[in-house]
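*Asks:* Please see the structure below; I have some questions.
The values are calculated or read from the model by the stated rules, or taken from the named source; none is laboratory data. All values derive from a computational prediction rather than experimental measurement. For neighbour counting, all protein chains shown are included, and Cβ atoms are generated from backbone atoms with ideal geometry for every residue, glycine included. With ligands, DNA and RNA removed, areas are computed over all heavy atoms of the protein, side chains included. Shrake-Rupley method; radii C 1.70, N 1.55, O 1.52, S 1.80 Å.
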Amino acid sequence: MKGVVLGGTASGVGKTVATLATLRAFEAAGRTVQPAKAGPDFIDPSHHARVADRPSRTLDPWLQGVDGLRRNYARGDGDVCVVEGMMGVYDGSAASTAGVAAALDLPVVLVVDASAGMESVAATALGFRAYADRTEHDLNVAGVIAQRAHGGRHESGIREALPEELTYCGRIPPIEDLEIPDRHLGLHGGDEAPLPDDALDDAAETLRTDRLLDVAREPTPPATPPGEARGAAAAGEGPRIVVADDAAFRFVYPATRERLRERATVVPFAPAAGDDLPDCDGVYLPGGYPELHAEALAAGPALGSVADAAAEGTPVLGECGGLMALAETLTTVDGDTHEMAGVLPATVERRDRYQALDHVELRARRETLTAGTGDRLRGHEFHYSAADVAGDARFAFDVVRGTGIDGDRDGLTEHRTLGTYCHVHPESGAFDAFLDRL
């Protein structure tokens, strides 16, 4: 499957809108398009999935390793893959758009804000192309999409200024409806604030899918191709794992869902909507926005049932938002405090500013649900909450890189329950370890 990476000159330049318009343009041209996202993001892929009607692949060499990244790409399906970059092309110490593009050997089409420039768009693109020689990455900046560009003289001025080695791939017009509202942790999700279809259609009409296809190329294949899952269960067999899946718990990588389904019977439930905990062998509470649904979570039956199951020895894994829900209380940004499951000895408070944002590496202090003693896990953290932990609390991990719960440690543990601020990808082996322990 050929692919192309849409990289930005900086954060906020309009990569997500350009990606969504490109997905729509390929569909209008009769192509089956596979979306993907560079970096550990959960939110932009939710917009991709809505437009393309298929999950967006997560591509992050820190979370997955280079071969794992290539395997995850290879699991996609379509005529062409459109990869949305993260931040600016070269930004990111542990992972970057440039690193993802180089790992796959895919070309980069640069998304440039053209709202106040013409020839300067070409100068910017040339600078990004030349800068690749100063990095460790073998990178080909091959084309340009002009974001917020008018037609007529504005467009022709941009196109004519570009040298032959940079392909003009079209423009995104300055349409007012092409704005996605944001909040803490990023944009609103695709199911909360989708872009209007007519606005996306208008933007798609000014993109050149023929030129994007000319630029796209086949990636470097993985050394170990995707195959049969280790310990794959027959349909209806394997442990029964319950996964929270609603407005409060929405941050799950598609590959995680796939891995769980390969090895277990997965039962979704919606704690914030009033669902109780179904019968199960294990519980997974992923990240999300429990702070926005704390009142509903406190009023519903699920967290009490999770606490009962945890006390009886049922393995429970909570990541970030899941950690918050497993704590004793959760205080919102408005100062309202709500009772949570009370499994882990901590109180959690939502803060005005983010408390951690980084790629993470953890080292297991002892055997735990997702790792053996001494094992290292790589993941990602991004949260606005802070946990005040009891003095006798037990931690599962030392933090090698990142912030964790208290700067040095992550992974509160009680009974057979583990709660971390760290999100992990299934390529880390963490979910296999979790399933092995059910």
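*Asks:* Please indicate, with yes or no, whether at least one residue in the range 298-316 is at pLDDT 95 or above, within 26 Å of residue 389 (Cα to Cα) and either within 16 Å of the chain's Cα centre (by Cα) or among the acidic types (Asp, Glu) (or both). Can you show your working first?
*Replies:* Step one: of the range 298-316, the residues at pLDDT 95 or above are 298-316.
If we keep only those that are within 26 Å of residue 389 (Cα to Cα) too, we end up with 298-316.
Narrowing further to those that are either within 16 Å of the chain's Cα centre (by Cα) or among the acidic types (Asp, Glu) (or both): 308, 312.
Among the residues of the range 298-316, at least one is at pLDDT 95 or above, within 26 Å of residue 389 (Cα to Cα) and either within 16 Å of the chain's Cα centre (by Cα) or among the acidic types (Asp, Glu) (or both), which makes the answer yes.
*Asks:* If you don't mind, another one. Filter the range 397-426 down to the residues that are out of contact with any Phe, Trp or Tyr (no Cβ under 9 Å at 6 or more places or on another chain) and surrounded by fewer than 22 Cβ atoms within 10 Å (Cβ to Cβ) and list them by number.
*Replies:* 398, 400, 401, 407, 414, 415, 416
*Asks:* Further, regarding this structure: For the range 349-397, how many residues are closer than 23 Å to residue 60 by Cβ and among the charged types (D, E, K, R)?
*Replies:* So the count comes out to 7.
*Asks:* Quick check on residue 110: is it at pLDDT 95 or above, more than 20 Å from the chain's Cα centre (by Cα) and either within 19 Å of residue 63 (Cα to Cα) or open to solvent by 10 Å² or more (accessible area, probe 1.4 Å) (or both)?
*Replies:* Numbers: at pLDDT 95 or above: yes; more than 20 Å from the chain's Cα centre (by Cα): yes; either within 19 Å of residue 63 (Cα to Cα) or open to solvent by 10 Å² or more (accessible area, probe 1.4 Å) (or both): no.
No: the conditions fail for residue 110.
*Asks:* Another one. Conditions first: (1) part of a strand (DSSP E or B); (2) among the β-branched types (Val, Ile, Thr); (3) touching a His at 6+ places or on another chain (Cβ under 8 Å). Residue 400 passes all but one, so which condition is the exception?
*Replies:* (3)
*Asks:* Next up: Kindly indicate whether residue 413 is within 22 Å of the chain's Cα centre (by Cα) and among the polar types (S, T, N, Q). Working first, answer last.
*Replies:* Working: within 22 Å of the chain's Cα centre (by Cα): no; among the polar types (S, T, N, Q): yes.
Considered against the rule, which asks whether it is within 22 Å of the chain's Cα centre (by Cα) and among the polar types (S, T, N, Q), residue 413 comes out as no.
*Asks:* Right, another one. Can you give me the ranges of the strands (runs of 3 or more DSSP E) entirely in the range 262-373 with at least 1 residues that are open to solvent by 10 Å² or more (accessible area, probe 1.4 Å)?
*Replies:* Working: elements: 265-269, 282-285, 316-319, 329-331, 337-339, 346-350, 356-364.
Answer list for the range 262-373: 265-269, 329-331, 337-339, 346-350, 356-364.
*Asks:* State whether one or more residues within the range 378-388 are closer than 24 Å to residue 291 by Cβ, open to solvent by less than 10 Å² (accessible area, probe 1.4 Å) and touching a helix residue (DSSP H, G or I) at 6+ places or on another chain (Cβ under 7 Å).
*Replies:* Yes, the range 378-388 has at least one match.
*Asks:* In the range 174-190, is there at least one residue being assigned to a strand (DSSP E or B), in contact with a helix residue (DSSP H, G or I) (Cβ under 6 Å, 6 or more places away or on another chain) and under 30 Å from residue 383 (Cβ atoms)? Talk me through it step by step, then tell me what you get.
*Replies:* Filtering the range 174-190 down to residues assigned to a strand (DSSP E or B) leaves 182-183, 186-187.
Restricting the remaining residues to those that are in contact with a helix residue (DSSP H, G or I) (Cβ under 6 Å, 6 or more places away or on another chain) gives 186-187.
Those still in the list that are under 30 Å from residue 383 (Cβ atoms) too: 186-187.
Yes; the residues of the range 174-190 include at least one that is assigned to a strand (DSSP E or B), in contact with a helix residue (DSSP H, G or I) (Cβ under 6 Å, 6 or more places away or on another chain) and under 30 Å from residue 383 (Cβ atoms).
*Asks:* Is it the case that some residue within the range 22-39 is part of a helix (DSSP H, G or I) and closer than 30 Å to residue 376 by Cα?
*Replies:* So far as the range 22-39 goes, no, none of its residues is part of a helix (DSSP H, G or I) and closer than 30 Å to residue 376 by Cα.
*Asks:* Give me the residue from the range 44-92 that is touching a strand residue (DSSP E or B) at 6+ places or on another chain (Cβ under 8 Å) and among the hydroxyl-bearing types (Ser, Thr, Tyr) and, out of that set, farthest from residue 19 (Cα to Cα).
*Replies:* 73
Residue-wise test of (1) crowded, with 24+ Cβ neighbours inside 10 Å; (2) modelled with pLDDT of 95 or more.
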residue: 5; (1), (2): yes, yes
residue: 22; (1), (2): yes, yes
residue: 28; (1), (2): no, yes
residue: 43; (1), (2): no, no
residue: 65; (1), (2): no, yes
residue: 71; (1), (2): no, yes
residue: 82; (1), (2): yes, yes
residue: 86; (1), (2): yes, yes
residue: 92; (1), (2): no, no
